[in-house]
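These notes are about the structure you will find just below.
Quick note: the coordinates plus some simple rules give every number you see, no bench work behind them. Note that the structure is predicted; figures quoted are calculated from it, not measured. Using ideal geometry, Cβ is built from the backbone for each residue, glycine included, and neighbour counts are taken over all protein chains shown.
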Amino acid sequence: MERLLSCLMLGYLTWNLRISDAQGEYCHGWLDINGNYHDGFQCPEDFDTADATVCCGSCALRYCCAAVDARLDQGSCTNDREVENTEFAARNFTPALAFGYLFDFFLALVA
């Protein structure tokens, strides 16, 4: 029974490794020239050929292709972060915390 279980586990791991080797690169999300964020995707995509496993294009427009020499160096792209909403800033609660600590201190002195 243990031998069967170990064989099944080995087969499962081998199958998963074979599937993961068939996948290509991951094209990271990016901001286009209009400031619109595009989610990243795994190559090849739905309508790509099976050999389109490389992330190609430019930092502003990414796609999957088969030409390794046309590979996009995504590490050099600076537009890979979604724009943060700067309209609303987080409130600073430090004064409220300091007042709370002082209040607790005075309560401890009185008690």
Rounded if a/c under 1.5, otherwise prolate or oblate - the stretch 25-83, Cα gyration tensor axes: prolate
Using 0.36 nm times the number of residues separating residue 38 and residue 67, minus their current alpha carbon distance, what extension gain do you get? 8.2 nm
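Ranked by Cβ crowding within 10 angstrom, fewest neighbours first, how are 105, 41 ordered?
Listed from fewest to most nearby Cβ atoms, that is 105, 41.
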Ranked from highest to lowest mean number of other Cβ atoms within 10 Å per residue, what is the order of the peptides 52-59, 71-78? 52-59, 71-78
